[in-house]
Amino acid sequence: MKFRSSILAIAAMTIAAPAFGQTKAPPLTVQDVIGVWNAINALDTHQTGVLDKTGNPIAVPNNYEYSGAVHLTLARDNAKAYMIVKDYNDELAKMRAKFTEDQKDVPKEKLAEFTQERQKEFDKKSAEMLMAPATDVTFVHIKSTDLCLDAHPPECPVKNAIPITVIQALLPILD
């Protein structure tokens with residue numbers, strides 16, 4: 001059972017500081033990678049309010065605008081993050097399946113107590129998996145100016161109104 005993010009080896013994982021007293025930023029956690037993945041997906045399109053032919057307000061999808069290089073970088077980073085997200089979800093599914101299988105032999109009068117205990121165990125393992133270092137992913141960083149948060153032609157002909165929460169989730173990959 002291989003798990004790219006070294007989740008199963010979390011207890012054995014230590015983060016060593018480099019020589020000469022310099023500190024190295026710890027690797028992103030699985031939770032960080034999930035946040036980056038969600039943020040990259042949010043950078044695709046957003047809803048814009050417009051009026052239809054009769055004057056009624058409607059929402060239409062609208063693409064953010066970036067350079068081709070930024071689109072490619074985001075696509076590559078998205079693919080890398082997806083693998084970590086997939087591994088995490090696969091491990092959760094295995095844990096749920098085992099939990100369901102284990103429940104089959106529990107007498108009905110003990111099922112509630114068993115379920116509470118197992119739920120606590122499941123929640124603990126799930127939290128450990130989220131906080132595990134995602135050591136198998138290295139993102140290509142992009143410059144914050146590449147997001148075109150301000151219009152500066154010709155590089156950024158339009159201003160992208162990217163929500164603050166999306167930018168916050170992108171911080172691990174922004175320079």
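Rule-based calculations on the coordinates, nothing more; no lab input. Quick caveat: nothing in here was measured; it's all calculated off a predicted structure. Reconstructed Cβ throughout: ideal geometry from the backbone, glycine too, with neighbour counts over all protein chains shown.
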Report, for the chain, the % of DSSP beta bridges that are antiparallel, rounded to 5. 90 percent
Projected onto the charge dipole of the chain (+1 at Lys/Arg Cβ, -1 at Asp/Glu Cβ, origin at the Cα centre), which of H71, V166, I84 gives the Cα projection farthest towards the positive end? I84
If the chain between F114 and M131 were fully extended at 0.36 nm per residue, the gain over the current Cα-Cα distance would be 3.5 nm
Can you tell which of A132, A81, A42 shows the greatest fluctuation in a Gaussian network model of the chain with Cα springs below 10 Å? A42
Using a cut-off of under 16 Å, list every residue of the stretch 109-147 whose amide N is near the label point 7 Å from the Cα of R76 along the Cα-to-beta-carbon line. 137-143
Can you give the three extents of the C-alpha atoms in the stretch 39-120 along their principal axes, from longest to shortest, in whole Å? 63, 39, 17
Once phi is turned into θ = phi - 60°, what whole-Hz ³J(HN,Hα) does the Karplus curve with 6.51, -1.76 and 1.60 give for every residue of the stretch 56-67, x standing for Gly and Pro? 8, x, 9, 9, 10, x, 9, 7, 6, 10, 9, 6
Equivalent ellipsoid, the stretch 128-175 (semi-axes from 5 times Cα gyration tensor eigenvalues, Å): 29, 13, 6
What spacing in nm lies between the two simple spin-label points modelled at K124 and T48, each 7 Å away from Cα in the Cβ direction? 5.2 nm
Using alpha-carbon coordinates, inclination of helix 30-42 to the longest axis of the chain, degrees: 30 degrees
Take the Cα atoms of the stretch 21-76, build their convex hull, and give its volume per residue in Å³. 127 Å³
Helix 108-131: angle to the longest alpha-carbon principal axis of the chain, degrees 0 to 90, nearest 10? 50 degrees
Calculate, in nm to one decimal, what A69 and L149 gain on full extension: separation in residues at 0.36 nm each, minus their alpha carbon distance. 27.2 nm
Expressed as a whole-number percentage, the relative contact order of the chain with C-alpha contacts under 8 angstrom and at least six residues apart is 36 percent
Using only helices, what value at 222 nm comes out for the chain when you add -39,500 (n - 2.57) per DSSP H run of length 4 or more and divide by the total residues, to the nearest 500 deg cm²/dmol? -15500 deg cm²/dmol
Have a look at the stretch 49-93 and give its Rg and Dmax from the Cα atoms, expressed in angstrom. 18.0, 51
Report the dimensions of the chain along its three principal axes from the alpha-carbon atoms, largest first, rounded to Å. 66, 62, 23
Relative to the longest principal axis of the C-alpha atoms of the chain, give the angle of the C-alpha long axis of helix 68-103, reported between 0 and 90° and rounded to the nearest 10°. 20 degrees
